[in-house]
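A short write-up of the structure that comes next.
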Amino acid sequence: MNTGTEKILEDTIIRYPALKGEKENLLTAFEAIKNGFEQGGKLYLCGNGGSASDCEHIAGELLKSFKMPRPLKGDFAALLAAHGEDGKALAERLEGGLPAISLCGHPAFSTAFVNDNDPYLGFAQQLNVWGAPNDVLLAISTSGNSKNCVFAAIAAKAKNMKVVFLGGGNGGRLKDIADVSVIVPERETYKVQELHLPVYHCLCAMLEHEFFYREKY
């Protein structure tokens, strides 16, 4: 981890002192996700309600620029540019990203699956199809007991994926399944969610800095 990435974590703890007790877990969660990306894996996200919105938020921050420019690099930019003016425009305007997929969308699949099967298995079914070693699941549940997230975590472990859990309260069932847990010190749902935002913004900023920082920026 470079010094700029470390500073993002330190600044987050300064701004949100309630998270001080989870600093090491936050760092371990970052390392798990970073290692997955470095090994060619993807980040899958699952949660319910406000946590589902958080999953979409996180995916959005990772798929495009967050705090800094992410110009394309390497052969892909050159391959695009070879396709005339439109290709050059793509090479200049597309951004680098990290492969993050929210399991909370896909309405055609999710409505069909809920209609035909156990609705609690929707996240697990997607990981059954997509999940692979080096992938990471980030499960968000304020209680840690959301049944569909628990089933997703079990499926992820069976797929030899790492599981990161972001929760609150006493951590619930997911605390015992996950490889690393960041459990914020609140119990009421909305208060837990208020502290989840700085946690995942910190993770997104750290990951961006680690993969895309260039001295000129």
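Take the conditions in contact with a Gly (Cβ under 9 Å, 6 or more places away or on another chain) and modelled with pLDDT of 95 or more and apply them to E186. Does it pass?
Details: in contact with a Gly (Cβ under 9 Å, 6 or more places away or on another chain): yes; modelled with pLDDT of 95 or more: yes.
Yes; evaluated as a whole, the condition is true for this residue.
Any residue in segment 6-32 that is open to solvent by 40 Å² or more (accessible area, probe 1.4 Å) sitting within a Cβ distance under 6 Å of a residue that is not in a helix (DSSP H, G or I) and not β-branched (V, I, T)? List the pairs, counting only those 6 or more apart or interchain.
Close Cβ pairs satisfying both conditions: A18/P185.
Would you check if N134 is of a type in the set (S, T, N, Q) and at positive phi? Write out each step before concluding.
Details: of a type in the set (S, T, N, Q): yes; at positive phi: yes.
The answer is yes for N134.
For segment 38-88, give me the residue count where each residue is open to solvent by 40 Å² or more (accessible area, probe 1.4 Å) and of a type in the set (A, V, I, L, M). So that I can check it myself, show each step before the final result.
From segment 38-88, those open to solvent by 40 Å² or more (accessible area, probe 1.4 Å) are 38-40, 42, 48-49, 53, 56-57, 63-64, 66-67, 69, 71-76, 78-79, 82-83, 85-86, 88; that's our starting set.
After this cut, where a residue has to be of a type in the set (A, V, I, L, M) as well, the list is 63, 72, 78-79, 82.
Count: 5.
Let me spell it out: the conditions are (1) surrounded by fewer than 18 Cβ atoms within 10 Å (Cβ to Cβ); (2) hydroxyl-bearing (S, T, Y); (3) in contact with a Phe, Trp or Tyr (Cβ under 8 Å, 6 or more places away or on another chain), and T189 meets all of them except one. Which number is the exception?
(3)
Based on this model, can you work out whether F113 counts as crowded, with 22+ Cβ neighbours inside 10 Å, in contact (Cβ under 8 Å) with a residue 12 or more places away in the chain and over 24 Å from E208 (Cα atoms)?
no
Which of the numbered conditions does Y217 fail, given that it passes all the others? Conditions: (1) modelled with pLDDT of 95 or more; (2) open to solvent by 10 Å² or more (accessible area, probe 1.4 Å); (3) out of contact with any strand residue (DSSP E or B) (no Cβ under 8 Å at 6 or more places or on another chain).
(1)
Is it the case, given these coordinates, that N170 is touching a strand residue (DSSP E or B) at 6+ places or on another chain (Cβ under 9 Å) and open to solvent by 10 Å² or more (accessible area, probe 1.4 Å)?
yes
The values are calculated or read from the model by the stated rules, or taken from the named source; none is laboratory data. Small disclaimer: the values here were computed from a predicted structure and weren't measured. Don't worry about glycine lacking a Cβ; one is built from the backbone with ideal geometry, like all the others, and counts go over all protein chains shown. Only protein heavy atoms, including side chains, enter the accessible area calculation; ligands, DNA and RNA are left aside. Shrake-Rupley method; radii C 1.70, N 1.55, O 1.52, S 1.80 Å.
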